[in-house]
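Below: the structure, in structure tokens.
Please treat every number below as a calculation from the coordinates, not as lab data. It should be emphasised that the depicted structure is a prediction, and the values quoted were computed from it without experimental measurement. Here Cβ is always computed from backbone atoms with ideal geometry, including for glycine, and neighbour counts include all displayed protein chains.
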């Protein structure tokens with residue numbers, strides 16, 4: 001057993017002053033009383049950051065664009081693809097993320113296909129994908145411009161937004177009918193094709209749909225699809241949404257938001273309403289949300305600094321930390337991460353000073369009890 005002393009502890013929900021965090025592989029206690037064990041560090045303490053949407057390890061630092069593995073081009077609907085199978089853990093962006101306190105990544109296929117494949121949660125600090133893999137998160141889907149911009153790729157390709165939606169609706173309808181046939185005893189599970197089975201699992205709630213979209217009308221399409229088929233949806237991006245009432249409607253539909261990436265150049269028409277000022281609309285709407293880097297769109301190591309825009313509109317320090325820790329864990333069904341509390345994984349950073357000072361940085365980073373970085 002060892003411990004750190006927190007001058008200020010941001011535990012993922014609230015904050016406490018002058019407490020000790022005792023841990024081995026998991027947190028054993030948070031107490032004002034000094035424990036009878038080695039105190040290995042002292043400073044400001046935050047839980048490990050969780051990036052809710054990235055392509056780290058798939059689009060790798062120092063490699064040419066031809067080596068980018070974020071989109072599979074063999075067909076537009078292929079949910080059997082798993083992002084994990086295209087991650088290389090020797091991407092040196094992982095090391096930079098770890099030293100900035102980002103220890104966990106949700107890695108997804110890109111948005112060039114209406115169905116891109118499976119997204120996974122990985123540990124940034126491990127040496128290979130066997131040890132890095134933690135759990136499946138959901139199936140990546142895409143609406144809007146991106147899936148209709150890839151007509152030169154192989155397979156059945158939509159040329160319009162309505163075509164991409166039709167492909168999604170076709171496969172979800174087939175899965176619903178297959179499930180009905182099984183319930184009626186007219187088919188057995190062994191007769192179901194693998195792709196169809198994935199869509200059945202989406203309808204059954206085994207997989208959430210991680211849906212890429214930017215524009216407001218595409219958000220309404222998502223809400224219509226969710227209402228029609230009843231799947232568990234998470235809106236990814238939403239950067240062009242610029243009316244508070246749209247965020248409110250998405251929230252009322254039971255769809256949480258993984259927001260971002262902020263601080264990027266709006267490089268296409270689909271982002272013409274993109275502005276850091278939209279963060280005020282997100283906050284005022286009350287929608288449940290967490291943050292993404294979309295690495296390498298912005299470097300994952302910089303995800304914390306994008307939160308300054310929310311602070312300008314009144315988000316508290318405690319809530320800022322929660323959007324990178326407890327909120328992604330809650331939205332994505334990640335157990336034992338995101339908080340510094342009894343029984344949670346001992347994954348946290350000890351900062352040399354107040355993390356909200358631009359000059360501050362983690363001086364020690366612990367991952368499930370191990371020291372993975374020391375300044």
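Here are the numbers for the structure shown:
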item: Where labels lie 7 Å past Cα in the beta-carbon direction, separation of residue 1 and residue 37 in nm; result: 0.6
item: Folded to 0 to 90 degrees: helix 216-229 orientation relative to the chain principal axis, Cα; result: 70
item: Between 0 and 90°, nearest 10: helix 194-204 axis offset from the chain longest Cα axis; result: 60
item: Hydrodynamic radius (Kirkwood) for region 222-297, which is based on Cα pairs only, to one decimal in Å; result: 12.9
item: Residue among 197, 244, 67 with the largest mean-square fluctuation in a Gaussian network model of the chain, springs linking Cα atoms under 10 Å; result: 67
item: Per-residue [θ]222 nm for the chain (sum of -39500 (n - 2.57) over DSSP H runs n ≥ 4, rounded to 500); result: -7000 deg cm²/dmol
item: FRET efficiency for residue 245 and residue 318, using Cβ-Cβ distance with R0 set to 25 Å, rounded to 0.05; result: 0.35
item: Once the Cα gyration tensor of region 33-129 is diagonalised, semi-axes √(5λ) in Å; result: 34, 14, 10
item: Fewest-first sequence of 374, 193, 126, 99 by Cβ atoms within 10 Å of each Cβ; result: 193, 374, 126, 99
item: GNM result for the chain, Cα springs below 10 Å: residue of 339, 156, 140 fluctuating most strongly; result: 156
item: Region 1-158: relative contact order in percent, alpha carbon pairs under 8 Å with at least 6 residues between; result: 19
item: Whole-Å distance, taken between Cα centres, linking region 26-64 and region 284-351; result: 12
item: Counting DSSP beta bridges with both ends in the chain, the antiparallel % (nearest 5); result: 55
item: The chain: relative contact order as a whole-number percent, Cα under 8 Å and 6+ apart; result: 20
item: Rg/Rh for region 49-337, where both radii come from Cα atoms and Rh is the Kirkwood radius; result: 0.96
item: Shape parameters for region 94-196, alpha-carbon atoms, Rg then Dmax in Å; result: 18.1, 56
item: Exposure proxy order (Cβ contacts within 10 Å, fewest to most) of 307, 162, 292; result: 162, 307, 292
item: Order of 53, 361 under a 10 Å beta carbon neighbour criterion, fewest first; result: 361, 53
item: Rounded tilt (10° steps) of 161-183 against the dominant C-alpha axis of the chain; result: 90
